Amino acid sequence: MAQDAAVQYEPVAEIGGGAYGTVYKARDRQSGQFVALKSVRVQTDQDGLPLSTVREVALLKRLEQFDHPNVVKLMDVCATLRTDHETKVTLVFEHVDQDLKTYLDKAPSPGLPASQIQDLMQQLMCGLAFLHSNCIIHRDLKPENILVTSRGQVKLADFGLARIYSCHMALTPVVVTLWYRAPEVLLQSTYATPVDIWSTGCIFAEMFRRKPLFCGESEVDQLGKIFEVIGLPTEEDWPTDVTLSQRNFSPFSNRPITDFVPEISHQGADLLLEMLTFDPLRRISALNALDHLYFQEG
Amino acid sequence: MIREDEFASAAATGNVEHVGMLLQDGVDVNAVNRFGRTPLQVMMMGNTAVARLLLENGANPNVSDHSTGTTPLHDAAREGFLDTVKLLIQFQADISVKDYRSRRPIDLAQENGHLNVVYFLESL
Ligand SMILES: Nc1ncnc2c1ncn2[C@@H]1O[C@H](COP(=O)(O)OP(=O)(O)O)[C@@H](O)[C@H]1O
Ligand SMILES: [Mg+2]
């Protein structure tokens, strides 16, 4: 690990502040390029950094060796000792000066051409399949965390410190912006990689609609909005480990997805429904999605 | 967060609504944040709506980074955002300006293979 981030990288603006640290847009004094700095404070003892941090960093570095085109590059990791008990770990990522939200907003009316949506989705799914095959759940996919270069290359950001999970572990229910949250997260049930597929499904629909698909104001409201579209799941499909009952919701039956996403093709609609499947175990995986006929349309 | 920091952050994250709100509140479009940078210097370069809003409200496009000499036009050219390059020039950005390593915006576009930007800058 390099010793001093402060010498090489100069912050120019704050771009995010999460639960575990702050994100800065910064300039690499040597190259003149922008980078994204993500700092985390970790407790240290006489043995140095905790093993869990060392492992996370090692995993990120290992991922980096694949040089995947659809995830942001991790350029550097720096550790600065702050006190005897605390070390600041700074992850230095390549900075991409456009996010998917901006990209969608600036597309001239009537929106992105179908071929461009297909291309973006394919890249998104490749990035996701890569993370998932390395046992990383993103957990916070939203248009702001999906970056698009001026050449139209998609790069996933903000998976950096996504907790590394041992493939079927139940995680604490926090994360993900409400609008892109999977039902199992809203219901505080156990969750895994399918949550990212749900979020990607919401984003897929948004690319056509140019506005979010489900804009709930609370967890329950969010679930209600979801069931208005996909229909109320049956009692048998309802997870057993949750407190909220299926009977709290109106008995919506599902409506054609094309009522909500009118521009989508037949195959596109089929893939979208596979992604917006209530039961996470029956929801399509990133790898299988890449084999879907939608990606062969042309 | 002080207002100047909030303003710069809104520009850097491409939050057009927030940038517009702060401008309406009368915040100085050329005020620097705690890192000594104006919103135009740190804006999300691909966000032409933010760029336009700042420039229309009098943002100075010829301010250069105090540690590298980089101007917003250098950054937009290096990143390949042609729309932003055009906007900056429309608002009188200097295309011949050099950073502390004597590189012009066109040199950075060239180095990074953004031929559309190179052709445009050459055509001026
Ligand atoms: N590599 C990057 N390049 C450009 N912008 C980034 C990058 N990483 C993060 N961002 C931006 O900063 C915002 C906040 O960073 P993020 O990593 O999502 O942290 P958090 O969600 O913990 O605040 C993101 O929504 C994104 O718009
Ligand atoms: Mg985030």
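The values are calculated or read from the model by the stated rules, or taken from the named source; none is laboratory data. Predicted model, so just to flag it, every value in this text is computed and none were measured. Because the Cβ atoms are built from the backbone with ideal geometry, glycine has one as well, and the counts that use them run over all protein chains shown. Note: accessible area is taken over every heavy atom of the protein model, side chains too, but ligands, DNA and RNA are not part of it. Shrake-Rupley method; radii C 1.70, N 1.55, O 1.52, S 1.80 Å.
When the residues of the stretch A:19-32 are narrowed to those that are away from ligand 1 (no atom under 11 Å from the Cβ) and not in a strand (DSSP E or B), which ends up nearest to B:Asp99 (Cα to Cα)?
Restricting to residues being away from ligand 1 (no atom under 11 Å from the Cβ) and not in a strand (DSSP E or B), the top hit is A:Gly32.
A quick yes/no check of all residues on (1) within 28 Å of B:Val50 (Cβ to Cβ); (2) out of contact with any Gly (no Cβ under 9 Å at 6 or more places or on another chain):
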| site | (1), (2) |
| --- | --- |
| A:Thr102 | yes, no |
| A:Pro108 | yes, yes |
| A:Pro113 | yes, yes |
| A:Ile117 | yes, no |
| A:Leu120 | yes, no |
| A:Gln123 | yes, no |
| A:Cys126 | no, yes |
| A:Ser133 | no, yes |
| A:Ile137 | no, yes |
Seminar exercise, completed: Within the stretch B:64-108, residues among the charged types (D, E, K, R), open to solvent by less than 50 Å² (accessible area, probe 1.4 Å) and farther than 17 Å from B:Ser123 by Cβ come out as B:Asp65, B:Asp75, B:Arg78, B:Glu79, B:Asp99, B:Arg103
For this session: Can you confirm whether the stretch A:238-245 contains a residue that is acidic (Asp, Glu) and more than 18 Å from A:Asp119 (Cβ to Cβ)?
Result: yes
For this session: Spot the failing condition for A:Cys78; the list is (1) under 27 Å from A:Ser199 (Cα atoms); (2) open to solvent by less than 20 Å² (accessible area, probe 1.4 Å), and only one is missed.
Result: (1)
Exercise. What number goes with the only condition from (1) at the interface with chain A (Cβ under 8 Å from one of its Cβ atoms); (2) in contact with a Lys or Arg (Cβ under 7 Å, 6 or more places away or on another chain) that B:Leu87 does not pass?
Worked result: (1)
Exercise. Name the pairs: first residue in the stretch A:238-255 and aromatic (Phe, Trp, Tyr), second residue open to solvent by less than 60 Å² (accessible area, probe 1.4 Å), Cβ to Cβ under 7 Å, at least 6 apart or on different chains?
Worked result: A:Trp238/A:Gln246; A:Phe249/A:Leu223; A:Phe249/A:Gly224; A:Phe249/A:Phe227; A:Phe249/A:Leu232; A:Phe252/A:Phe227; A:Phe252/A:Gly231; A:Phe252/A:Leu232
Seminar exercise, completed: Among helices (runs of 4 or more DSSP H) entirely within the stretch A:193-298, at least 3 residues that are open to solvent by less than 20 Å² (accessible area, probe 1.4 Å) and outside the structural domain of A:Trp179 (by TED's automatic domain parsing) occur in none
Seminar exercise, completed: Filtering the stretch A:130-150 down to residues that are more than 13 Å from ligand 1 (Cβ to nearest atom) and under 12 Å from the mean Cα position of the chain (by Cα) yields A:Leu131, A:His132, A:Ile136, A:Ile137
Exercise. Only one of B:Ala49, B:Ala77 is farther than 20 Å from A:Tyr9 by Cα, assigned to a helix (DSSP H, G or I) and in the same structural domain as B:Ala109 (by TED's automatic domain parsing); which?
Worked result: B:Ala77
For this session: Output the number of residues of the stretch B:5-63 satisfying the condition of being over 20 Å from A:Thr102 (Cα atoms), open to solvent by 40 Å² or more (accessible area, probe 1.4 Å) and away from chain A (no Cβ under 13 Å).
Result: 9
Exercise. Taking B:Arg3, is it modelled with pLDDT under 95 and out of contact with any strand residue (DSSP E or B) (no Cβ under 9 Å at 6 or more places or on another chain)?
Worked result: yes
For this session: Out of A:Glu228, A:Glu219, A:Glu236, report the one residue that is under 30 Å from A:Phe130 (Cα atoms) and acidic (Asp, Glu).
Result: A:Glu219
